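Chemist: Here it is, the structure, as structure tokens.
The values are calculated or read from the model by the stated rules, or taken from the named source; none is laboratory data. All values reported here derive from a predicted model rather than from experimental measurement. Please note: Cβ atoms are built from the backbone with ideal geometry, for glycine as well, and neighbour counts cover all protein chains shown.
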Amino acid sequence: MLKQRIITAAILLPIALIGFFLLEGLAFALFIGLVVSLGAWEWARLAGFAGQPVRVGYALVVVLLLALLHQAPALAPWLLVAGGIWWLAATALVLSYPDSRRYWGGAPGSLIIGLLVLLPAWQALVVLKQWQLGNWLILAVMVLVWAADIGAYFSGKRFGRRKLAPQVSPGKSWEGLLGGLLTSLLITFCVGLYRGWSMGELVLALLGAALVVLISVVGDLTESMFKRSSGIKDSSQLLPGHGGVMDRIDSLTAAVPVFALLLWMAGWGAW
């Protein structure tokens, strides 16, 4: 299993680096669209549809919607606001699982939820890419999420006692969450000192980073919630040793749109 994970990572890493940081414009939108479309194919399974016709059909619907969004950039702020609202609602759904299943709307409602998970994430990355220091912004949100994951893993393994969401993901603990959050905040603080941010800017950056990290955890738990409800371990086996695409991007689907919204509210970029 470890050998398989290493081989898959060695193949995917250069592809991901090229796609995220070297592609521009339409090529970048298509690259992210491919990732999101694969995620949609997997999400249909999480929603309870095991048959390939429905899963492929759902992925094609997402492709069409992405094409529409690319042709109608004026919809971007509305979509990202909808994404932000969804992740607040998802927090409540995760915390109240399994009782919250009654609010999903069954399998059809789960497909709609999939759109709220995937489409704003695509839109946010496309928007970030167009803003000043676009590549650095994308790298920044990824580092926040990855640092939180690493910090949560080690602190949870060492100090984890109290379960964060035992009905959704029994392996996660409050101690792990705190360790991951502190890791990301430390990195943000160091970056702020290096770049010479004022005290006000530093405080806002730390608050924003904390929110992004917390929402990224909700993204992770949301996918875990749907996997648990569907009785499956991984979203798919597309990535040998790593599970599926959604298993790798679940935290980012939540973190990226919230990150973009916060930057917009701070006056970083225009639509």
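Chemist: Identify the residue in the stretch 83-138 that is under 29 Å from LEU60 (Cβ atoms) and among the aromatic types (Phe, Trp, Tyr) and, among all such residues, is surrounded by the fewest Cβ atoms within 10 Å (Cβ to Cβ).
Modeler: Out of the qualifying residues, it is TYR103.
Chemist: Additional query: Return the total of residues in the stretch 223-265 being touching a helix residue (DSSP H, G or I) at 6+ places or on another chain (Cβ under 7 Å), more than 24 Å from GLY105 (Cα to Cα) and at pLDDT below 90.
Modeler: 6
Chemist: Here is a follow-up. With the condition kept exactly as written, say whether any residue in the stretch 216-231 is without any contact (Cβ under 8 Å) to a residue 40 or more places away in the chain and either surrounded by fewer than 18 Cβ atoms within 10 Å (Cβ to Cβ) or not in a helix (DSSP H, G or I) (or both).
Modeler: Taking every residue of the stretch 216-231 in turn, at least one turns out to be without any contact (Cβ under 8 Å) to a residue 40 or more places away in the chain and either surrounded by fewer than 18 Cβ atoms within 10 Å (Cβ to Cβ) or not in a helix (DSSP H, G or I) (or both).
Chemist: Within the stretch 104-141, count every residue that is farther than 17 Å from TRP86 by Cα and aromatic (Phe, Trp, Tyr).
Modeler: 2
Chemist: Does any residue of the stretch 160-179 turn out to be more than 30 Å from ILE112 (Cα to Cα), in a helix (DSSP H, G or I) and either of a type in the set (Gly, Ala, Ser) or in contact (Cβ under 8 Å) with a residue 40 or more places away in the chain (or both)?
Modeler: yes
Chemist: Which of the residues belonging to the stretch 144-190 are within 28 Å of TRP268 (Cα to Cα) and surrounded by fewer than 15 Cβ atoms within 10 Å (Cβ to Cβ)?
Modeler: Matches in the stretch 144-190: LEU186, CYS190.
Chemist: A further question follows. Considering only residues that are outside any helix (DSSP H, G or I), loosely packed, with under 15 Cβ neighbours inside 10 Å and not hydroxyl-bearing (Ser, Thr, Tyr), which ones fall in the stretch 191-206? Show your work before the answer.
Modeler: Narrowing the stretch 191-206 to residues outside any helix (DSSP H, G or I): 196-198.
Restricting the remaining residues to those that are loosely packed, with under 15 Cβ neighbours inside 10 Å gives 196, 198.
The answer is GLY196, and nothing else.
Chemist: Separate question: Can you pull out the residues in the stretch 39-54 that are assigned to a helix (DSSP H, G or I) and crowded, with 19+ Cβ neighbours inside 10 Å? Full working, then the answer.
Modeler: Residues of the stretch 39-54 assigned to a helix (DSSP H, G or I): 39-46, 52-54.
GLY39, ALA40, TRP41, GLU42, TRP43, ALA44, ARG45, LEU46, listed by residue number.
Chemist: Right, THR188: part of a helix (DSSP H, G or I), over 21 Å from TRP87 (Cα atoms) and among the polar types (S, T, N, Q) or not?
Modeler: Details: part of a helix (DSSP H, G or I): yes; over 21 Å from TRP87 (Cα atoms): yes; among the polar types (S, T, N, Q): yes.
It is true that THR188 is part of a helix (DSSP H, G or I), over 21 Å from TRP87 (Cα atoms) and among the polar types (S, T, N, Q).
Chemist: Only one of VAL217, VAL168, VAL212 is at pLDDT 95 or above, touching a Phe, Trp or Tyr at 6+ places or on another chain (Cβ under 7 Å) and hydrophobic (A, V, I, L, M, F, W, C). Can you tell me which?
Modeler: The conditions single out VAL212.
Chemist: Picking from ASP250, ASP234, which residue would you name as being outside any helix (DSSP H, G or I) and either buried (at least 19 other Cβ atoms within 10 Å of the Cβ) or free of Cβ contacts under 8 Å to residues at least 60 places away in the same chain (or both)?
Modeler: ASP234
Chemist: Turning to a different aspect of this structure: Going through LEU60, LEU17, LEU68 one at a time, which residue ends up being surrounded by fewer than 17 Cβ atoms within 10 Å (Cβ to Cβ), closer than 23 Å to ASN135 by Cα and either free of Cβ contacts under 8 Å to residues at least 40 places away in the same chain or not small (Gly, Ala, Ser) (or both)?
Modeler: LEU17
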